[in-house]
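Peer 1: Please read through the structure below; I'll follow up with questions.
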Amino acid sequence: MLPVLVNSGSLRDSTVTQISSLVESISEIPDLSVSVFPNPARRAVFINGITGYKAQVSMFNLKGAKVFEDIVETDKGFDVSGYSPGAYILQIETIDRKEKQLLKLVIQ
C-alpha cells in the first residue's frame, strides 16, 4: 500500500499494489541482464539475454495496470501491435532462476 495525499491534505492508504510491487522490485533486481528490441517497437518485441530460459513477461502501462502477461521462450517474441502508442514498463522474470529486471518499452 502506498500513502496518497488527498485533496483535504490527509493521508490514506491506496490499493495501488501493482505500482508498489514494481517499485519494491527495483531493489530486488539481481544479475539478470536482458534487453528488448526493437525499442521503440511497432509490431513484435524480442527479448535478448534469456538464452536457455523461459521468462514471464508482464507489461504495465504508466498508470500501473497490467496490460500483458505471458511466458516467453528463448528467441520468441511477442506482439505489441494492438497496444496504444506510448511508454510501458516490462517486468521480465526468469522462471527457473527467479531473477527480475524492469525495462522501459516505447510502442509507436
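Peer 1: What ranking of 78, 46, 68 comes out by heavy-atom accessible area, probe 1.4 Å, highest first?
Peer 2: 46, 68, 78
Peer 1: Cross-link partners among lysines for residue 76, C-alpha distance below 22 Å, same-chain residues fewer than 8 apart left out?
Peer 2: 54, 66, 98, 100, 104
Peer 1: Ordering 58, 35, 84 by how much accessible area each has at a 1.4 Å probe, largest first, what is the list? It would help to have the intermediate numbers written out before the result.
Peer 2: On the way: 58 5, 35 50, 84 75 Å².
The ordering from most to least exposed comes out as 84, 35, 58.
Peer 1: Ordering 62, 103, 90 by accessible area with a probe of 1.4 Å, largest first, what comes out?
Peer 2: Descending accessible area places them as 62, 103, 90.
The values are calculated or read from the model by the stated rules, or taken from the named source; none is laboratory data. Nothing here was measured: the structure is a model prediction, and the numbers come from that model. Just so you know, the surface numbers come from the protein's heavy atoms only, side chains and all, with ligands and any DNA or RNA stripped out. Shrake-Rupley method; radii C 1.70, N 1.55, O 1.52, S 1.80 Å.
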